[in-house]
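Undergrad: I have a structure I would like to understand better, so I am pasting it below and will then ask my questions one at a time.
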Amino acid sequence: MTNPEDPQPDDQGHPSDSWISLGFQQLRDGDFEDALKTAQKVEELRASAAFEIAAQAHANLGDPEAALQVLERGVREAPNAWPNWQLLGNLYADAGRFDDAENAYRDALQCAHVWPESVHLNQAILLGQQGNHDRALVALDAIKDDDLLFELASARMNALYCVEKTEEALALAETILVKEPQSASDEDAWYFISVIDMRIRMAQGLSAQEVRDRALALLVEYPENDHVLALIRDTRDERSRDCKYYRLVIQGNTLDAPASVEGFYIPYDVVAESEEEAMTYIEEVEALTGFNHLEIEESEILVERSREPKGLYRAGTRTYFEGGE
């Protein structure tokens, strides 16, 4: 779902502008803890973007309830900030609170300086989340905004896929995937379209191995993309009663690291029967960019028995550390 990434009109020319830009950049870079700290500074400067930055950071850190609480407070304190209403609607929708989502989008449309096409897009996506894919397609056709090209195509691709209009979906993907994303939201949409395109082609007979190879190639540029990780898991569809859901912190060393860098840490969520098996899935992804060694620094079992398919479920932010200390 689309979310604006620029300071809103009531923030322009305000001393908070540079802090707002920093907060959104930290979100794009995956520095979510730092984004929370920046959001506190933005709130001290009384800019409504503070709530959006903090909510996105909480959501990406796996705490949607904290994100909702931040935004619910935000819309009380800054009721005319439409991006906060829109993001609140998105989070309500993700939580299955569809009536609340509809109300939040309506409130967004009542705000000054609202980007109505963006809100209408999210209303159409909500229709799809409720299973009304044909209605979603009609709503999407009514939205005309070149700035939303990728996100409109992503929502339309999903609706077409859900109503099994696969040839239309493939034709749409063919026109969009040759275009260059211009923003982080464009990039998310581009990858989502790529994944559905590959799912359709796998259903039509493309080998699981070829789909997996293509999906792994996408991870080189976007290693934390959940949709790509899910596709890779589904190409194997390996399950076991003995699986556990692991959260592992990996220490490693890349082949092309600068001389000053000794290595990196990165967290992974993995479903596997053992730590050793979990490492095979991690090594497959890390091999895309090359490594000298990988080892488990920390290991936690979040779920003792998991019926979910084996494989990677989350790749966290990679943190580099220097040697010589």
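Undergrad: Show that you can apply the helix-only estimate: for the chain, add -39,500 (n - 2.57) for every DSSP H stretch of four or more residues, divide by all residues, and state [θ] at 222 nm to the nearest 500.
TA: Rounded to the nearest 500, the figure is -17500 deg cm²/dmol.
Undergrad: How big is the charge dipole of the chain about its Cα centre, in debye rounded to the nearest 20, if each Lys and Arg gets +1 on its Cβ and each Asp and Glu gets -1 on its Cβ?
TA: The dipole of the chain has a size of about 900 debye.
Undergrad: Follow-up. Just one of (1) 81, 49, 33; (2) 72, 51, 44; (3) 55, 54, 38 is Cα extents along the principal axes in Å as worked out from the coordinates here. Which one is it?
TA: (3)
Undergrad: Among ARG212, ARG76, ARG314, whose mean-square fluctuation peaks in a Gaussian network model of the chain (Cα, cutoff 10 Å)?
TA: ARG76
Undergrad: Can you give me the long-range amide H partners of VAL303? Hydrogens built in the peptide plane at 1.01 Å from N, cutoff under 5 Å, separation of 5 or more residues or another chain.
TA: Amide H neighbours of VAL303, under 5 Å, 5+ apart: TYR245.
Undergrad: Let me ask you something else. Using the Cα centre as the reference, give the magnitude of the dipole from point charges on the C-beta atoms of region 176-288 (Lys, Arg: +1; Asp, Glu: -1; all else neutral), rounded to the nearest 20 debye.
TA: It comes to approximately 420 debye.
Undergrad: Another question about this same structure. Hey, what did region 24-102 get for relative contact order, percent, Cα under 8 Å, at least 6 apart?
TA: This gives 20 percent for region 24-102.
Undergrad: State, to one decimal in nm, how far the label point of GLU322 lies from the label point of ALA259, with both points 7 Å from Cα in the Cβ direction.
TA: In this crude spin-label approximation the distance works out to 1.4 nm.
Undergrad: Picking from SER183, GLY205, TYR245, whose Cα lies most toward the positive end of the charge dipole for region 130-267 (charges on Cβ: Lys, Arg +1; Asp, Glu -1)?
TA: Selected residue: TYR245.
Undergrad: Hey, for a label at VAL178 modelled as a point 7 Å past Cα toward Cβ, could you say which residues of region 136-153 have their backbone N under 17 Å away?
TA: 150
Undergrad: Who wins for biggest fluctuation among ILE125, ILE250, ILE193 in a Gaussian network model of the chain, springs between alpha carbons below 10 Å?
TA: Highest fluctuation of the listed residues: ILE250.
Undergrad: Could you give the size of the charge dipole of region 249-324 about its Cα centre, using +1 on the Cβ of each K and R and -1 on the Cβ of each D and E, expressed in debye and rounded to the nearest 20?
TA: Around 280 debye, computed over region 249-324.
Undergrad: Run the numbers for ARG73 and HIS113: contour at 0.36 nm per residue of separation, minus the present Cα-Cα distance, in nm.
TA: Using 0.36 nm per residue and subtracting the Cα-Cα distance, I get 12.3 nm.
Undergrad: Determine which lysines satisfy two conditions relative to LYS244: a Cα distance under 23 Å, and not lying fewer than 8 residues away in the same chain.
TA: LYS310
Undergrad: Multiply the residue gap between ASP237 and GLN204 by 0.36 nm, knock off their C-alpha separation, and tell me the result in nm, one decimal place.
TA: Length difference between fully extended and current span is 10.2 nm.
Undergrad: Length gain on complete extension for the stretch GLU275 to ARG307, per 0.36 nm per residue less the alpha carbon to alpha carbon distance?
TA: 9.8 nm
Undergrad: Which value, in Å², gives the accessible area per residue of the chain when a 1.4 Å probe is used on the protein heavy atoms?
TA: In whole numbers, the chain has 50 Å² accessible per residue.
Undergrad: Pull out a ≥ b ≥ c, the square roots of the eigenvalues of the alpha-carbon gyration tensor of region 167-220, then state rounded if a/c is under 1.5, prolate if not and a/b is larger than b/c, and oblate in the remaining case.
TA: Oblate, since a/c reaches 1.5 and b/c is not below a/b.
Undergrad: Please work out the C-alpha center-to-center distance from region 301-315 to region 167-199 and express it in whole Å.
TA: So the separation of the two Cα centres works out to 28 Å.
Undergrad: Turning to a different aspect of this structure: So how far apart, in nm, are the two label points at GLN251 and ASP147 if each is 7 Å from Cα heading toward Cβ?
TA: 4.7
Undergrad: For the chain, what does the relative contact order come out to in percent, with C-alpha contacts under 8 Å and a separation of six or more?
TA: Relative contact order of the chain: 11 percent.
Undergrad: For the chain, what % of the accessible area comes from carbon and sulfur atoms, probe 1.4 Å?
TA: 45
Undergrad: Residues in region 188-211 near a label at GLU164, defined as backbone nitrogen under 20 Å from the 7 Å Cα→Cβ point?
TA: Under cut-off, by backbone N: 196-206.
Undergrad: Then there's this: Take the alpha carbon gyration tensor of region 214-303, find the square roots of its eigenvalues, order them as a ≥ b ≥ c, and report rounded if a/c is under 1.5; if not, report prolate when a/b exceeds b/c, else oblate.
TA: Because a/c hits 1.5 or more and a/b fails to exceed b/c, region 214-303 counts as oblate.
Undergrad: What ³J(HN,Hα) values, in whole Hz, does the Karplus curve 6.51 cos²θ - 1.76 cosθ + 1.60 give for region 287-298 when θ = phi - 60°, with x put for Gly and Pro?
TA: Along region 287-298, the couplings run 5, 4, 10, x, 8, 8, 8, 9, 8, 7, 8, 9 Hz.
Undergrad: Which aspartates and glutamates does LYS37 reach when only Cα atoms under 12 Å apart count, and residues fewer than 8 places away in its own chain are ignored?
TA: Straight-distance partners of LYS37: none at all.
The values are calculated or read from the model by the stated rules, or taken from the named source; none is laboratory data. Given the structure is predicted, the values throughout are model-derived calculations rather than measurements. A quick note on method: Cβ atoms are made from the backbone with ideal geometry, for glycine too, and the neighbour counts reach across all protein chains shown. Each accessible area value is taken on the protein alone, full model and side chains, heavy atoms only, with ligands, DNA and RNA left out. Shrake-Rupley method; radii C 1.70, N 1.55, O 1.52, S 1.80 Å.
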